[in-house]
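All remarks here apply to the structure that follows.
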Amino acid sequence: MRKVRGGIRGLIIVLICLVEIYPLFWMLTASLKQQHEWSENPAYALNKGFYFQNYVDAWTRGNMAVFFKNSLITTLISLVFIVIFSTTVGFAVTKMQWKLRNAVAKYFTFGIMIPVAVALIPLFQIYNKMHLLNTRTCLVLTYIAFGLSLSIYLVQGYLRSFPDDIMEAAVIDGCGIYKMMWHIVVPLMKNAIVTVLVLQFFFKWNDLLFSMTFISDSALKTVQTGLLYFSDEFGSKNWGAIFASVSMSVFPMLILYTVLNKKLMEGMMAGAVKG
């Protein structure tokens, strides 16, 4: 009976892996097909060769180089400020004693519950009056604002389990609060910081709603928005190049997650058990 249960469990695991892996495999092989293969063979058929020109076309004619640059600039700048603000605010509302810390903590936690769509029209009007539409600045400001609540919540979860004895020992040795935070607390919470970085990178890199709403200039479009307008000069769909551009968008995130998966899990579980 135990062997039967083990076999069923193994079969379920294999089926789940196939469901998860096959779409990625199909997308990768589709990105290497020539255009005539889409009309001559079924979509699920394997490609007859490896046509890497699709990636060249996606990078040059499809302007993926421009879209990648815009996404990297807005995402990386946002991540820098999100990490700085989330660590400082999280430390202030968790470890420091001051009058309004609980109110501030609840204020940022409440931000998690605000639907993104509710803020679109007000933000559009604000950016329009400030002449920030069609600029990277409006995306960076929006990414930071909507990324802080969850990031601060994750940092709080980690810092609640952070031992106060370490900080008390640093204070006894004459360490100031700012020096203690940046030289003692922050290096020890690297797993939480990696968790914030990875999660927020996924959210910002995959953003479509904000970039589609605030950016209409083709030279400033991000990867996800640029994929919507991908077509060749004749107006017909170049499916090989389209799947090549999608692969270039998806696989960097998968590689990043695979490399940092251990630290990501440790960071997410750090505040689950009281240390």
* Asked: Under 6 Å by Cβ, and 6 or more places apart or on different chains, what pairs join a residue from region 4-28 that is in contact (Cβ under 8 Å) with a residue 24 or more places away in the chain and part of a helix (DSSP H, G or I) with one that is surrounded by 10 or more Cβ atoms within 10 Å (Cβ to Cβ) and not hydroxyl-bearing (Ser, Thr, Tyr)?
  -> Met27/Phe243
* Given (1) surrounded by fewer than 17 Cβ atoms within 10 Å (Cβ to Cβ); (2) within 25 Å of the chain's Cα centre (by Cα); (3) not in a helix (DSSP H, G or I), index of the condition Ala43 fails -> (2)
* To do: Identify all residues within region 66-117 that are assigned to a helix (DSSP H, G or I), closer than 21 Å to Thr225 by Cβ and out of contact with any Phe, Trp or Tyr (no Cβ under 8 Å at 6 or more places or on another chain); write none if there are none.
  => Val66, Phe67, Phe68, Lys69, Asn70, Leu72, Ile73, Leu76, Ile77, Ala117
* helices (runs of 4 or more DSSP H) fully within region 149-253 counting 2 or more residues that are in contact with a Ser or Thr (Cβ under 9 Å, 6 or more places away or on another chain) and β-branched (Val, Ile, Thr) -> 190-205, 223-228
* **Candidate set from region 29-40 (those that are touching a residue at least 60 places away in the same chain (Cβ under 8 Å) and not charged (D, E, K, R)); member that is surrounded by the most Cβ atoms within 10 Å (Cβ to Cβ)** => Ser31
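Take the residues of region 46-64 that are part of a helix (DSSP H, G or I) and of a type in the set (A, V, I, L, M): which is surrounded by the fewest Cβ atoms within 10 Å (Cβ to Cβ)?
Val56
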* To do: Could you check Tyr229 against (1) within 18 Å of the chain's Cα centre (by Cα); (2) at pLDDT below 85 and say which number it fails?
  => (1)
* Identify all residues within region 185-211 that are exposed (fewer than 15 other Cβ atoms within 10 Å of the Cβ) and aliphatic (A, V, I, L, M); write none if there are none. => Leu188, Leu208, Leu209
* To do: Only one of these is touching a Lys or Arg at 6+ places or on another chain (Cβ under 7 Å), surrounded by fewer than 20 Cβ atoms within 10 Å (Cβ to Cβ) and farther than 21 Å from Met212 by Cα: Thr94, Thr88. Name it.
  => Thr94
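The values are calculated or read from the model by the stated rules, or taken from the named source; none is laboratory data. What you see is a predicted model; the values in this text were computed from it and never measured. Glycine also receives a Cβ, built like all others from the backbone with ideal geometry; neighbour counts cover every protein chain displayed.
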